[in-house]
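The block underneath contains the structure these notes are about, expressed in structure tokens.
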């Protein structure tokens, strides 16, 4: 390794796997190409080649925390196994300086027939600790893992969360120079996850270099100094966490068929403002991207856009800011009791918050046949991340909400947060407001 400050150097690493349709093909590949070479014939090929990693290069500095993000199958786990030495690369080299403690696949390195205590001693010894050092640290390991009487039971009797507890407790108490965590913390309960993240903070302060594989863009922003985005075995981006998160989120949205830009709505001549609510309550809904017009539905969303309070297109808001979702809806018949819904999700499809006008006690007045513009004013007390909006429109039928049209991707917005702020998540507080009058 050329730089004294580098603890991991990955240089043009590729990993290829040979895939055989049948055991017979594997045997043929073992025999026939060798014979064909002896007689000067062109060797036959009985396999398909899968490239798990293609020409990956990066370095990790001493005391640096680097997050690796990417969808399933992007090569993250393969890369970490190569760095740890449990896999060999097909091409390229990896240089590591210092003791590595790794949490890779669940239970890797643990013998299921051994007890938890025996596995702690075995793993710590493999990492270079003497028996006396393990004896001295074992009480702290047992206290952190907190698996109770199971400590002297075989690992095969453990739950997945208990295995993670013991593995993480062992890894952090061997004084590693490099800690590698491959999504293992997602298995444990919330309280234990928080305890692990607190300990990661302590290791960072001690100057331990950390490689953290995660699907959580928020964890990446909160805990990492730099981020790497992998896709289909290729390194797409290596840079600032916020830039990598944006690239990753854009890619997720595109893969789901969404657009990553906001389209400004063209006005239509027959637009009308939402009729005034006789009860004096606030009303709302949104306007934006063109959707397929479902002329047979009683009421549909024609377009949806995200705007700021001045009506300008907006997809980036500060933590604690406000955002308006503007919807243009078309009633294809008289709607006695309209009802509208909104859902906010993470880019990986986890629903974070949803509501309908009915659930919030908001009475939307009847709509005559025609087009209407409504606005939904949202607070954004979210942590820094990207969020996707879905919109539903419908009506109340026998006291129940009957959705007639849903736009699964109605736009997205980014909440800005400074790295390592620790800003928590709070439920949004939507405020319905009557839109400005729109001329017919």
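For this structure, a couple of remarks:
- Any hit, segment 92-107, residues being assigned by TED's automatic domain parsing to the domain that holds residue 59, in a loop (DSSP other than H, G, I, E, B), more than 27 Å from residue 207 (Cβ to Cβ) and modelled with pLDDT of 90 or more: no
- Residue 15 being within 30 Å of residue 95 (Cβ to Cβ), touching a residue at least 12 places away in the same chain (Cβ under 8 Å) and surrounded by 15 or more Cβ atoms within 10 Å (Cβ to Cβ): yes
- Whichever residue in segment 355-367 is surrounded by fewer than 16 Cβ atoms within 10 Å (Cβ to Cβ) and in contact with a strand residue (DSSP E or B) (Cβ under 9 Å, 6 or more places away or on another chain) and, among such residues, is modelled with the lowest pLDDT: 360
- Out of 73, 67, sole residue that is touching a strand residue (DSSP E or B) at 6+ places or on another chain (Cβ under 6 Å) and either surrounded by 13 or more Cβ atoms within 10 Å (Cβ to Cβ) or on the phi < 0 side of the Ramachandran plot (or both): 67
- Lone qualifier among 379, 384 - being in contact with a helix residue (DSSP H, G or I) (Cβ under 8 Å, 6 or more places away or on another chain), at pLDDT below 85 and surrounded by 16 or more Cβ atoms within 10 Å (Cβ to Cβ): 384
- Any hit, segment 215-224, residues being in contact with a strand residue (DSSP E or B) (Cβ under 8 Å, 6 or more places away or on another chain), at pLDDT 85 or above and crowded, with 19+ Cβ neighbours inside 10 Å: yes
- For segment 1-28, the tally of residues that are farther than 30 Å from residue 178 by Cα and either at pLDDT below 85 or not in a helix (DSSP H, G or I) (or both) stands at 5.
- Test: residue in segment 410-419 that is touching a helix residue (DSSP H, G or I) at 6+ places or on another chain (Cβ under 6 Å), surrounded by fewer than 17 Cβ atoms within 10 Å (Cβ to Cβ) and either in the same structural domain as residue 310 (by TED's automatic domain parsing) or at pLDDT below 75 (or both): yes
- Top-ranked residue of segment 183-214 - restricted to ones that are at pLDDT below 75 and touching a strand residue (DSSP E or B) at 6+ places or on another chain (Cβ under 7 Å), ranked as surrounded by the most Cβ atoms within 10 Å (Cβ to Cβ): 184
- Among the residues listed as 349, 361, the single one being within 22 Å of residue 221 (Cα to Cα) and assigned to a loop (DSSP other than H, G, I, E, B): 349
- Each residue in segment 201-226 was checked for being in contact with a helix residue (DSSP H, G or I) (Cβ under 7 Å, 6 or more places away or on another chain), under 21 Å from residue 385 (Cα atoms) and assigned to a helix (DSSP H, G or I), and 4 of them qualify.
Matching residues to (1) in the same structural domain as residue 249 (by TED's automatic domain parsing); (2) on the phi > 0 side of the Ramachandran plot; (3) surrounded by fewer than 19 Cβ atoms within 10 Å (Cβ to Cβ):
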position	(1), (2), (3)
320	no, yes, yes
334	no, no, yes
338	no, no, no
343	no, no, yes
349	no, yes, yes
353	no, no, yes
369	no, no, yes
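- Any chance residue 116 is buried (at least 19 other Cβ atoms within 10 Å of the Cβ), touching a strand residue (DSSP E or B) at 6+ places or on another chain (Cβ under 9 Å) and within 26 Å of residue 177 (Cβ to Cβ): yes
- Residue within segment 130-146 that is in contact with a strand residue (DSSP E or B) (Cβ under 9 Å, 6 or more places away or on another chain) and either modelled with pLDDT under 85 or not in a helix (DSSP H, G or I) (or both) present: no
The values are calculated or read from the model by the stated rules, or taken from the named source; none is laboratory data. Because the structure is a prediction, the values reported are computed rather than measured. Cβ coordinates were reconstructed from backbone atoms using ideal geometry, including for glycine residues, and neighbour counts include every protein chain displayed.
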